[in-house]
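The next block holds one structure in the form of structure tokens; read it before the comments.
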Amino acid sequence: MGDTRFPTALQIVVTVAVNEAAGIRTTSPMLAAALDTNPSFVRKLVSTLTKAGILSSSDGASGGIRLARGPESIQLLELHNAILPDQRSWSTRETIPSICAVTRNIGAISGQLSERADAAIAKVLSGVSVADCLKQITELEQSRPGSL
Amino acid sequence: MRSSLDMNQDFSHALRALLVIAYNQAISRPTFKDEIINCSTAKPSSMLSIIDTLVSAGIVASRANVCTLLRSPSSLMLHEIYSITTPVVEGNSMFARLYASLLDRTTSAVSLEFGDLDLQQSLESLVESMDRAETASRDG
């Protein structure tokens, strides 16, 4: 199974943003149920996003999870870097057995391509904010059959 | 749903498989499926699935466990390989559709970045690395 941390974190942040816009309080159990995932996985991601200054959470009857800043000031690149710091697209494992000419020499090629791909992806993510995601969700909701 | 935006390891494994075949063809040696599987860190079942994808795309032929390139390395663009090995997002929820559009944008950006790169250039880089390593080993 692949790494689902980034899409899950993005879904958490977008869900919090949608709820905030609708005046609905968000809690970890609510997020775990809505995302159909493990509550401890949600808590871990919320903790990481809180430390990164993307979310804030408070206890108590009126507490819950909120965006730490306005949705227009949170770029997806920031979110990505908080969840997957220093991750390269195609990191070459040091443990690959050098059994043929390709395995012995592919590291340099993979590294160069990975750098270029990472830069291209970062450029896209730095141009998209949580507010853009909210706008797109609203548009998708309005274009749904049966919606007004 | 596909996982992270930038964790398309299938591309890396496909490139490795294609380089093994291209290199062997350049030195007139057959490429057995087992060699491709052993040259990768992916599970054998994943590598076989990647080979099947390349066969379905008309890039590779596989007969009697021997793989060959159906096209010249210079006509095989890396963005084409990237697109073929990039899975699509499944699901029809609002978030799945939002994420699919984000994936489309990142995939297009990477494809654009790889625009003029072809397999022949990667093979030449590989051979250069091999020459440098051999020289260093001889001199050192």
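Rule-based calculations on the coordinates, nothing more; no lab input. The structure displayed is predicted, hence computed values, not measured ones. Methodologically, a virtual Cβ is constructed for each residue, glycine included, from the backbone with ideal geometry; neighbour enumeration extends over all protein chains shown.
Values as computed for the structure displayed
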| quantity | calculated |
| --- | --- |
| Using alpha-carbon coordinates, inclination of helix B:44-56 to the longest axis of chain B, degrees | 80 degrees |
| Extended-chain gain in nm, criterion 0.36 nm per residue less alpha-carbon gap, B:T135 and B:A26 | 37.2 nm |
| Degrees, to the nearest 10: A:39-51 long Cα axis against longest axis of chain A | 90 degrees |
| Descending Cα extents along the principal axes, chain B, whole Å | 58, 36, 27 |
| The protein assembly as shown: Lys pairs at Cα distance under 28 angstrom, eight or more positions apart or on different chains | 6 |
| Radius 10 Å from Cβ of A:V102, net charge of other residues (Lys, Arg +1; Asp, Glu -1) | +1 |
| Contour excess over end-to-end distance, with Cα ends at A:A108 and A:R66 and 0.36 nm allotted per residue | 10.8 nm |
| Nonlocal amide H pairs with A:L55, under 5 Å, H built at 1.01 Å | A:T50, A:A68 |
| Full-extension gain in nm, A:F41 to A:E115, via 0.36 nm per residue minus C-alpha separation | 23.7 nm |
| Amide H contacts under 5 Å for B:D118, placed H, 5+ residues apart | B:L78 |
| ³J(HN,Hα), Karplus 6.51/-1.76/1.60, whole Hz, each residue of segment B:124-130, x for Gly, Pro | 5, 4, 5, 5, 4, 4, 5 |
| Net charge over other residues, Cβ less than 14 angstrom from the Cβ of A:T26 (K, R count +1; D, E count -1) | +1 |
| Chain A: angle of helix A:5-21 to the longest principal axis, Cα-based, in degrees nearest 10 | 20 degrees |
| Helical mean residue ellipticity (222 nm; -39500 (n - 2.57) per DSSP H run of 4+; nearest 500) of the protein assembly as shown | -19000 deg cm²/dmol |
| Nonlocal amide H pairs with B:V60, under 5 Å, H built at 1.01 Å | B:V55, B:L70 |
| Charge tally in the Cβ shell below 13 Å around B:G115, where Lys, Arg are +1 and Asp, Glu are -1, B:G115 excluded | -3 |
| Whole-Hz ³J(HN,Hα) from phi, Karplus 6.51 cos²θ - 1.76 cosθ + 1.60, for segment B:57-69, glycine and proline x | 7, x, 9, 10, 10, 10, 10, 6, 6, 10, 9, 9, 7 |
